[in-house]
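Beneath this line is the structure, given in structure tokens, with notes to follow.
Every read-out reported here was derived from the displayed coordinates using simple, explicitly stated rules and does not represent laboratory data. No experiment lies behind these values; they were computed from the predicted model shown. Please note: Cβ atoms are built from the backbone with ideal geometry, for glycine as well, and neighbour counts cover all protein chains shown.
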Amino acid sequence: MATTALAVPGPLSVVTIADRRVDRPAWRTMLGWPEAGDEHVPFAAANAHQRNASAAHLDDAVARAARPVLLVAEGASCFAAAWWARLSPSSYVERVAGALLFNPISEDEREVADNMRTFASPRSVLPFPSILLDRDPVSDRLRTIANDWGSRLADRGDLVRLAAPRVSPWRQAQRMIERYTAAVVKRDIRTTRERLR
């Protein structure tokens with residue numbers, strides 16, 4: 001399973017990845033966060049060339065980051081981030097401290113199937129903690145993707161409850177993933193102890 005506790009001293013560099021066709025990213029509409037982080041990677045994957053170019057832009061954004069990276073993606077770019085994490089050199093991927101992945105499942109079933117083909121990669125969990133946020137209710141397909149990626153499922157309410165007041169939006173995002181992953185680790189330890197009794 002992927003690392004589930006995020007312990008990073010100080011702020012993270014936020015790298016956002018969003019589809020060029022989307023006017024306002026989900027993190028903006030759901031939580032009021034800025035449309036772009038410290039670095040923004042415009043995402044396109046209509047063909048293999050665009051997909052590979054988006055991955056190269058993500059490599060560059062992560063390499064330029066002055067601090068450990070928090071990836072924030074939505075829609076098809078969630079699949080792109082997972083594909084990138086599984087296939088990019090470890091020297092890039094090791095710089096990522098965690099990811100918030102918004103609405104990876106499109107309401108259009110064909111688009112989901114296309115994303116799974118376009119971003120086919122070895123089945124393995126992501127090498128960093130990640131949280132999947134999607135529209136309610138959570139579908140079986142989303143649970144499968146979360147399991148494949150080693151991600152935790154959350155809804156907007158979970159994140160709002162974990163939000164830290166009086167801090168910048170991106171610092172709030174970092175604190176939410178820190179708190180969320182810490183709570184998951186505590187729950188997993190408690191569950192394991194109960195099973196061993």
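Under a 5 Å amide H cut-off, with hydrogens placed 1.01 Å from N, residue 17 pairs with 41, 72, 73, 74 among residues at least 5 apart or on other chains.
Are there any trypsin sites (Lys or Arg not before Pro) in region 7-67 that are in a DSSP loop and have at most 15 other Cβ atoms within 10 Å? List them by number. Don't skip to the end; give the middle numbers.
Working: sites: 20, 21, 28, 51, 64; in loops: 20, 21.
In loop regions of region 7-67 (DSSP not H, G, I, E or B), the sparsely surrounded trypsin sites (Lys or Arg not before Pro) are 20, 21.
On the beta carbon distance between residue 148 and residue 95, with R0 = 25 Å, the FRET formula returns roughly 0.65.
Modelled spin labels at residue 46 and residue 23, positioned 7 Å past Cα toward Cβ, are 2.1 nm from each other. Could you list which residues have their amide H under 5 Å from that of residue 130, counting only those 5 or more apart in sequence or on another chain, with H placed in the peptide plane? Here the answer is 99, 152, since their amide H atoms fall under 5 Å of that of residue 130. For region 35-47, 3J(HN,Hα) computed residue by residue from phi via the Karplus equation (6.51, -1.76, 1.60; θ = phi - 60°) reads 5, 9, x, 4, 10, 10, 10, x, 9, 8, 8, 5, 8 Hz, glycine and proline entered as x.
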